[in-house]
Amino acid sequence: MDPRDGVVIRRALAVAAGAALGAGAVAGILAPAASAHPFGAPPTATVSRTEPAVVRVHWQVGAADDLSYLAAHLGLLPRDRVLLDGAVTPQDGDPAVLERSRRFDDYVLENVAVTAGGDACSGSVTRKADVLAAGVDVDFRCPRPVARATVTLTLLTDMSPLYSTLATGPGGQKAAYAQDETAHDWTFVGGTAGGTAAWVPLALTAGGLGIAGAVVVAATRARRRRRAASAASLATS
């Protein structure tokens, strides 16, 4: 099987590909250590701002076997778990191996970065208690409140260019991270820089104008009623 077929077939052939590992069905992805296995659902990421100066990147794999390949890639699995062609047979305990390892934290911080206003933000892995089911949280503290940030993400693409990560952000923003698209700009609601945040002051301005217009109309109608009442009073006097 050409590994490119896996990009098209994605999750539908994940089971078949796993069964065929021993037969060398993924021998097209050769490596001296563990090869990637990007045939399942893609990893996902969510970008948010938890505090005015803190950007959070939440990352989650699409399939359990991706964690097995990553653990082998980081040298955390016994050598006999990695076959000659780089294939790895996933085991239930592989996610826990990553959760216990500082190497995993270092790997995440080496492959996720945030800059805002030209400043690099300091990152730390803040949660990885159930990396398979709940993913990983990485918080980046920036020198000043963030309106717009550039997030760079290269997780798993260092293992194979066939990996990609589908990301979402504030206000429905979306991006796809891949080997040739490693950085994306995100705008946060309430900020001052372009993008989805631009509608906030615009909406407030429009709302203010609408209220002001309603007040003017009401005042004009009141004046007309007073004039009409005054004219009627004069006519009957």
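Brief remarks on what is shown
- Cβ-defined net charge surrounding Ser68, 13 Å radius [Lys, Arg +1; Asp, Glu -1]: -3
- In this simple spin-label approximation, Leu166 and Glu181 carry label points 7 Å from Cα along the Cα→Cβ vector, and these lie 1.3 nm apart.
- Amide hydrogen neighbours beyond the local backbone of Ala53, cut-off 5 Å, H modeled: Val146
- Proximal charge balance of Val88 [Cβ under 15 Å; K/R count +1, D/E count -1]: -4
Read-outs throughout are calculated quantities, based only on the coordinates presented, and are distinct from any laboratory measurement. This is a predicted model, so every value here is computed, not measured. Glycine also receives a Cβ, built like all others from the backbone with ideal geometry; neighbour counts cover every protein chain displayed.
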